[in-house]
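Heads up: the structure comes next, in structure tokens.
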Amino acid sequence: MNPSTTAAVTLAARGLTRRFGDRLAVAHVDLELRRGEVLGFLGPNGAGKTTTMRMLTGTLAPSSGCIEVCGIDLLERPLQAKARIGYLPETPPLYRELTVDEYLLLAARLHRVPRAQLRAAVTRAKDRCGLADAGGRLIGALSKGYQQRVGLAQAIVHSPDVLILDEPTVGLDPNQIREIRGLIRELGGDYSVILSTHILSEVESVCDRVQILHQGRVVFDNTLAAARSSGAGHSLVVGLRQPPAPEVIARIAGVARAERMPSGEFRVRCEPGQDPTDALVREAVRGGWGLYHLAPWPTTLEEVFTQLTAGDETAVVDAQATKEAAT
Ligand SMILES: Nc1ncnc2c1ncn2[C@@H]1O[C@H](COP(=O)(O)OP(=O)(O)OP(=O)(O)O)[C@@H](O)[C@H]1O
């Protein structure tokens with residue numbers, strides 16, 4: 001990797017692959033994380049997210065591929081590279097019988113924070129995670145939301161550059177989820193964050209960019225805005241004051257299907273590669289339908305995700321086309 005082009009890149013992986021026996025869990029994954037960015041790592045169950053996170057944090061050796069953390073090769077210089085990473089696994093490594101202070105001090109020691117800086121590091125991590133008044137409390141007596149704050153605090157206690165969070169809101173109630181997402185968003189200003197999740201709304205509310213993993217392969221890698229616009233042209237939203245029956249719209253050249261939505265507007269699905277906009281306007285004028293709204297159907301991340309992860313080989317091919325169209 002060229003150092004001049006990776007100055008702002010805190011984490012880079014190339015060709016990351018992991019086999020378990022003859023099972024290919026992760027296949028040739030490329031990943032690049034920039035400073036101050038929150039990357040959503042999204043995929044259905046079994047897609048290979050946790051396996052990838054474990055390789056990125058140095059807890060599982062890749063079968064092949066390379067990983068650099070702030071330009072340091074993780075496989076060649078694991079201690080130095082791991083010092084730049086904070087990790088919150090799916091099951092937070094908490095000791096319920098310790099107080100928050102005791103636990104964070106232990107975490108800071110394990111991360112080799114110099115003795116003279118231990119107290120300051122713990123105080124900083126607590127302040128950052130909204131735990132300033134919780135130092136003396138037993139972890140086992142805290143709510144799940146506060147326990148997750150402690151999990152985040154142990155991940156940043158050694159001031160890493162990269163924060164890797166695996167399903168950080170699983171098991172929390174809706175209020176706790178909102179708080180933890182807000183905290184992750186804030187942390188994103190200071191650290192580079194990878195957020196592994198299968199919750200689409202989590203990515204939409206927290207992340208700048210998204211990588212979608214399917215059957216161990218990256219099938220989408222772009223900004224959220226690009227994800228939303230990737231389906232533009234596939235469907236249109238059409239508002240008509242005096243609408244005809246949907247079948248009449250469906251007969252227009254280039255229209256595959258027309259359906260009326262609860263709002264009264266129509267979702268008009270286009271034939272592949274066809275743009276029926278002009279014909280639709282002509283027909284609307286000719287038929288006196290009172291056309292007042294015509295716009296591309298806004299693609300949601302859910303639609304992109306479903307499109308890319310519903311099938312098998314074809315989904316991967318479609319994804320490649322989607323990516324090329326979006327760049
Ligand atoms: N230690 C292991 N031995 C054998 N197969 C494994 C092992 N760990 C993971 N796998 C397999 O690798 C694939 C990817 O698993 P992984 O846990 O990384 O997926 P995931 O995207 O994190 O899924 P989930 O959201 O369900 O945690 C799965 O098919 C899984 O069964």
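The values are calculated or read from the model by the stated rules, or taken from the named source; none is laboratory data. Bear in mind the structure is a predicted one, so any value in this text is a computation, not a measurement. When we count neighbours, we look across all protein chains shown, and the Cβ atoms used for this are built from the backbone with ideal geometry, even at glycine.
What pairs come up if the first residue lies in region 45-57 and is in contact (Cβ under 8 Å) with a residue 40 or more places away in the chain, the second is part of a helix (DSSP H, G or I) and more than 6 Å from the ligand (Cβ to nearest atom), and their beta carbons are under 8 Å apart, counting only those six or more places apart or on different chains?
Listed by first residue and then by second, the contacts come to 47/309; 57/82.
Here's a check for you: in region 186-202, which residue that is more than 14 Å from the ligand (Cβ to nearest atom), in contact (Cβ under 8 Å) with a residue 60 or more places away in the chain and not in a strand (DSSP E or B) is surrounded by the most Cβ atoms within 10 Å (Cβ to Cβ)?
191
So which residues in region 128-164 are among the small types (Gly, Ala, Ser), surrounded by fewer than 20 Cβ atoms within 10 Å (Cβ to Cβ) and under 22 Å from residue 70 (Cβ atoms)?
Across region 128-164, the qualifying residue is only 159.
May I ask you to verify whether residue 109 is in contact with a Cys (Cβ under 6 Å, 6 or more places away or on another chain) and not aliphatic (A, V, I, L, M)?
In short, no.
So which residues in region 219-234 are modelled with pLDDT of 85 or more and surrounded by 16 or more Cβ atoms within 10 Å (Cβ to Cβ)?
Matches in region 219-234: 219, 220, 221, 222.
So which of 211, 215 ends up being assigned by the TED database to the domain that holds residue 155 and farther than 25 Å from residue 37 by Cβ?
215
Select from region 40-55 the residues that are more than 6 Å from the ligand (Cβ to nearest atom) and buried (at least 24 other Cβ atoms within 10 Å of the Cβ) and write down the one among them that is nearest to the chain's Cα centre (by Cα). Even if it seems obvious, please write down each step before you answer.
Filtering region 40-55 down to residues more than 6 Å from the ligand (Cβ to nearest atom) leaves 40-42, 44, 52-55.
Filter once more, so that each one left must be buried (at least 24 other Cβ atoms within 10 Å of the Cβ): 40-42, 52, 55.
Numbers: 40: 1, 41: 4, 42: 5, 52: 13, 55: 17 Å.
In this case the residue turns out to be 40.
Return yes or no: is residue 69 away from the ligand (no atom under 16 Å from the Cβ) and surrounded by 18 or more Cβ atoms within 10 Å (Cβ to Cβ)?
The answer is yes for residue 69.
From the list 125, 107, 121, exactly one residue is crowded, with 16+ Cβ neighbours inside 10 Å, of a type in the set (Gly, Ala, Ser) and closer than 21 Å to residue 38 by Cβ. Which is it?
None of the others qualify; the one that does is 125.
(1) part of a helix (DSSP H, G or I); (2) over 29 Å from residue 294 (Cα atoms); (3) under 18 Å from the mean Cα position of the chain (by Cα): which one isn't true of residue 205, the others all being true?
(2)
Being over 16 Å from residue 193 (Cα atoms), surrounded by fewer than 14 Cβ atoms within 10 Å (Cβ to Cβ) and not hydrophobic (A, V, I, L, M, F, W, C) narrows it down to one of 18, 23, so name that one. Reasoning before the result, please.
Details: 18 fails: surrounded by fewer than 14 Cβ atoms within 10 Å (Cβ to Cβ).
Every option except 23 fails the conditions.
Condition first: assigned to a helix (DSSP H, G or I) and among the small types (Gly, Ala, Ser). Now tell me which residues in region 232-256 satisfy that.
Result: 250, single match.
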